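Here is the structure we will look at.
The values are calculated or read from the model by the stated rules, or taken from the named source; none is laboratory data. Predicted model, so just to flag it, every value in this text is computed and none were measured. Here the Cβ positions follow ideal geometry from the backbone for every residue, glycine too, while neighbour counts run over all protein chains shown. Note: accessible area is taken over every heavy atom of the protein model, side chains too, but ligands, DNA and RNA are not part of it. Shrake-Rupley method; radii C 1.70, N 1.55, O 1.52, S 1.80 Å.
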Amino acid sequence: MTIKLPFVDIDVDPQDKERRIAREVVIRLRDRRVLSAWECCDNCIDSALASLQEIRQTLVDKQVELSDLQDGPLYLLLDAMALGIRQFRTFEELLRRDENAPPHPRFGDFHRPMDTRQAYFDGLEVLRGHLSRCLGQIAKIADMPVPDEGIIANYQGGWQLEAYEEI
């Protein structure tokens, strides 16, 4: 089978252990709301950040299970997903304003400046595309059909290459 990543396609032959763990990852992540929903307010952003941390923990747990197969395709994809989340969290730290800012007097769920909130929305959208496309490749390893709704269905097609730096 061929795994498609930004700028490269890789022929792989996953082991049974990778297929089993890949199935679990697809099942656990395909219904994560943060990956298929869009934010509207600061509370939504906060919920997305918490959910991303939970996803990151799942990815790390599965990488630990694959510690004997670190050069395998599933480990590579899980690492790519975790890297995307780490990069987003770094971006998020740069955006973070005073966490103790009082809520807007008229709109309680809006305490971030509008431009900062929009930067979160834009960053989360890019991250969703990255995670979704990685999860689509993991579904191939799992020998599962790619879900036709939710996260993966919202991000069909090729990789958003402008979001990546070719090395």
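One table, with the values for the structure above:
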quantity	calculated
The range 1-72 pair-distance distribution - Cα-Cα, 5 Å bins, rounded %	3, 13, 18, 18, 19, 14, 8, 5, 1
Candidate residues R86, R128, R28: accessible-area rank, largest first, probe 1.4 Å	R28, R86, R128
Sequence of K17, K62 when ordered by accessible area, the most exposed leading, probe 1.4 angstrom	K17, K62
Alpha-carbon centroid distance for the pair the range 126-148 / the range 10-87, whole angstrom	10
Label-point separation, Q118 to A163 (7 Å along Cα→Cβ), nm	2.0
Whichever lysines have a C-alpha closer than 16 Å to that of K140, once near sequence neighbours (fewer than 8 apart) are set aside	K4, K17
